[in-house]
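Q: Shown below is the structure under consideration.
The values are calculated or read from the model by the stated rules, or taken from the named source; none is laboratory data. Only a predicted model underlies this, so the values are computations on that prediction, with no experimental measurement involved. Positions of Cβ are generated from backbone atoms using ideal geometry, with glycine treated the same way; all protein chains shown enter the neighbour counts.
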Amino acid sequence: MQSRQKSYADNRRKDLSFEVGDHVFLKVSPLTGVRRSIRLPGLHNMFHVSQLKKYQPDLSHMIKLEEIEIQKKLTYQTEPNHIVDAKEKQLRNKVIQLVKVIWKGIASGDATWEIENQMRKEYPQLFF
């Protein structure tokens, strides 16, 4: 089993190299949903190479920067944009209502299912 996992990891591994002065993208992750809190340790001045992607300069690129506050764990808080779907989920002894949320600044394919009651409390403007 361990050799199969190693083989899989080796096949997916990319040799990456960067030089001083290279421009890179740094992967940051949005925090979505409600009632999710974590303690954040101090930010380090080093990042694992898997968090970097080399940028190939292109004069046609125009990047509109939004001001976001990057937290110490390379995450940022985002707000919901709108709800696109709803469903019921049967648990062992109760049914809960879920809503599918599109978040601002995140691809629509990365929508998340959230508990409707929590979203109503945190973001009532979504339900008008």
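Q: Applying the selection to the stretch 100-120, what residues are closer than 19 Å to residue 89 by Cα and assigned to a helix (DSSP H, G or I)?
A: Passing the criteria: 116, 117, 118, 119, 120.
Q: If you don't mind, another one. Hey, can you tell me all the residues within the stretch 27-56 that are of a type outside the set (A, V, I, L, M, F, W, C), at pLDDT 75 or above and surrounded by 11 or more Cβ atoms within 10 Å (Cβ to Cβ)?
A: Within the stretch 27-56, 51, 53, 54, 55 meet the criteria.
Q: Under 9 Å by Cβ, and 6 or more places apart or on different chains, what pairs join a residue from the stretch 6-26 that is modelled with pLDDT of 70 or more with one that is of a type in the set (Ser, Thr, Tyr)?
A: Listed pairs, sorted by first residue: 16/50; 22/55; 23/55; 24/55; 25/55.
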